[in-house]
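So the structure is just underneath, and the comments pick up after that.
Every read-out reported here was derived from the displayed coordinates using simple, explicitly stated rules and does not represent laboratory data. Bear in mind the structure is a predicted one, so any value in this text is a computation, not a measurement. Ideal geometry is used to build each Cβ from the backbone, glycine not excepted, and the neighbour counts take in all protein chains shown.
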Amino acid sequence: MRKLVAALALVLVAGFAFAQAPADEGKNPFAFKAGINLGTDVLPKSDGSGQSEAWSRLGFQPDLSFGKFGIGLDLTMRFKLYPTPDQAVEIYQGDWVPNYDGNGKSFLDVYLPKFLYVRYGLRGVDPLYAKLGSISDLTLGNGFIMGGYSNMRFMPAQRIFGLEVGLDGNLFNFPYLGLQLATGNLARLDVLGARIYARPLAGTEIPILKNAQLGFTFVADREPYLYAAGGGSTLSVYGADLTVPILGGKLFPLAAFADVAFEPNNTTGAMIGAGGKLLGVILYGAQIRLLQDGFIPAYFDRNYDLYRAQRYAYMQLPTSGASYAGWYASLGLSFLEEKLVFLASLDGPFKAIPGVDTTAQSDYPHAKAIARLGEGLIGGFFFDASYEKYFLGRETGFWQDLVDPNYAVLGMAINYKTGAAVITLGYDGKWDPALGKFTITSSIQAAVQF
């Protein structure tokens, strides 16, 4: 069944692409490029010791596009030269052999990630879009249930092949309905999400309200202990949302929105907020939240795969049923068509921090920051970086905890391009409270594009 779903998804994306790609007489819609990279990955050992080992990497990455359709492959081999005096080379077979050394990976787990991506159209631009492969920001609706979910948290050790699809009724001149679908892992169909939305007043000329959007979201995790020891049943979160675009255009876009969501520990959360951009440069957002004890806003967030077992265990604990008010705020800058971006957000409860230890992330402020310097602004130098911190104020105080490594997740990719060659240093770290230190994955590679 999983193989059939994966194959159908690929066929549908390719079919839409070739059926709708524009036939531009004066322009060749085909484009091809490829890259070869050689580097080193420093990966955690699979024995749970917290130690790391280095593997050399040689990869070939062809990239083909046709109109709005594009596909990229990642044909990479990891190896060690002279791992022992009697062995010239050791190839890491886990990248190519299903269930190698009992790792539990199926044929789809191994071979679907050989596709870097398969895409058609662009989210927020085209009425039909689809992307398969590595996805960094899966968001359904306003993100109160699934917001910024990423299936890339185990790279470079493990690449996961996900899917997001969007279909708006405007494609068929029927603007009243739309659909979003998402899964973090098409091979396992573990995290599954869907959102159906309607514009009930789209056929009217009522200002503002004619573009109002009413949606229903459902997200489930079929394998909450996929990356940890233990077992559990399917966990699901569902809710409804309302979005009203108040101002359009590029200079002062502004939207108001509201959400209500229900989590499996019989808790409910609701929020109302607004967000937009000033002068096409300043990004901002604000929310007021009313949450029951035990509710986790944006349950499926960017670091969900790292914390899914802990969150599932937390959902099994009894709650008081009491409600409290919370808040969310974001502020950032975006210049030069998003080639220079900085965005920081902070959320937490209005209530005082409890005097006793608790495992609930939502009981404490939570901070996130991203920075991006795009290619072409400062010579050949460009980078992406992120920092996320949970449990602010739990240990020593808000400001001290903000820079303390406990319960932090960070990531960085630094690139330098000269001619056709690109040198990349990748670094990801997650604080492991059991080991009392960061679990680090890092890589360095030199790639040549032609």
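Rounded, prolate or oblate, given the Cα gyration tensor of region 111-152, with a/c below 1.5 counting as rounded? The partial results should precede the final answer.
Values: a/c = 3.36, a/b = 1.25, b/c = 2.69.
Oblate is the answer for region 111-152, as a/c is 1.5 or above yet b/c matches or exceeds a/b.
How would Lys339, Lys351 line up from fewest to most surrounding beta-carbon atoms within 10 angstrom?
Neighbour counts put them in this order, fewest first: Lys351, Lys339.
What nm value, rounded to one decimal, do you get for the distance between Tyr82 and Ile206 when each label is placed 7 Å out toward the C-beta?
Going by the 7 Å Cα→Cβ label model, 7.7 nm.
Going by average Cβ neighbours within 10 Å, how do the peptides 160-168, 275-283 rank, with the highest at the top?
160-168, 275-283
Which of the peptides 401-409, 364-372 is most tightly packed, and how do the rest follow, judged by the mean count of other Cβ atoms within 10 Å per residue?
The packing order, highest mean first, is 364-372, 401-409.
Have a look at Gly397, Gly121, Gly67 and tell me which one the Gaussian network model of the chain (Cα, springs below 10 Å) gives the largest fluctuation.
With Cα springs under 10 Å in the chain, the top fluctuation among Gly397, Gly121, Gly67 is at Gly397.
Provide, for region 248-388, the number of lysine pairs with alpha carbons under 21 Å apart, each pair being eight or more places apart or on different chains.
Close lysine pairs found across region 248-388: 6.
Could you order peptides 92-101, 79-88 by the average number of other Cβ atoms within 10 Å of their residues, highest first? Before the final figure, lay out each step's value.
Details: 92-101: 14.6, 79-88: 10.1.
Those peptides, ordered most packed to least, come out 92-101, 79-88.
With a sphere of radius 12 Å drawn around the Cβ of Gly35, what net charge do the other residues whose Cβ falls strictly inside it have (Lys, Arg +1; Asp, Glu -1)? Please list the in-between numbers first.
Values: positive: Lys33, Lys417; negative: Asp63, Asp74.
The answer is 0.
For n ≥ 4 DSSP H runs only, could you compute -39500 (n - 2.57) per run for the chain, divide by its residues and tell me the 222 nm figure to the nearest 500?
Helix-only estimate at 222 nm: -3000 deg cm²/dmol.
Listing Thr183, Thr441 from the residue with the fewest other Cβ atoms within 10 Å to the one with the most, what is the order? Before the final figure, lay out each step's value.
Working: Thr183 26, Thr441 22.
Ranking Thr183, Thr441 by Cβ neighbours within 10 Å, fewest first, gives Thr441, Thr183.
Specify whether the C-alpha gyration tensor of region 82-137 places it in the rounded, prolate or oblate class, a ≥ b ≥ c being the square roots of the eigenvalues: rounded for a/c under 1.5, otherwise prolate if a/b is larger than b/c and oblate if not.
Prolate shape, in that a/c is at least 1.5 and a/b is the bigger ratio.
(1) 34, 30, 22; (2) 41, 27, 20; (3) 36, 30, 19: which one is semi-axes √(5λ) of the Cα gyration tensor in Å as calculated from this entry?
(1)
Can you give me the pair-distance distribution of region 185-334, C-alpha pairs, 5 Å bins, whole percents?
Pairs per bin, as whole percents: 2, 8, 14, 16, 17, 15, 12, 8, 4, 2, 0, 0.
What spacing in nm lies between the two simple spin-label points modelled at Ala198 and Leu254, each 7 Å away from Cα in the Cβ direction?
My value for the distance between the label points is 2.9 nm.
Could you put Ser443, Ser345, Ser362 in order, starting from the residue whose Cβ has the fewest other Cβ atoms within 10 Å? Walk me through the numbers before you get to the answer.
On the way: Ser443 21, Ser345 18, Ser362 25.
Arranged by neighbour count, lowest to highest, Ser443, Ser345, Ser362 become Ser345, Ser443, Ser362.
How much length would be gained if the chain were fully extended between Ile440 and Asp126, taking 0.36 nm per residue of separation minus their Cα-Cα distance, in nm to one decimal?
In short, 109.2 nm is gained.
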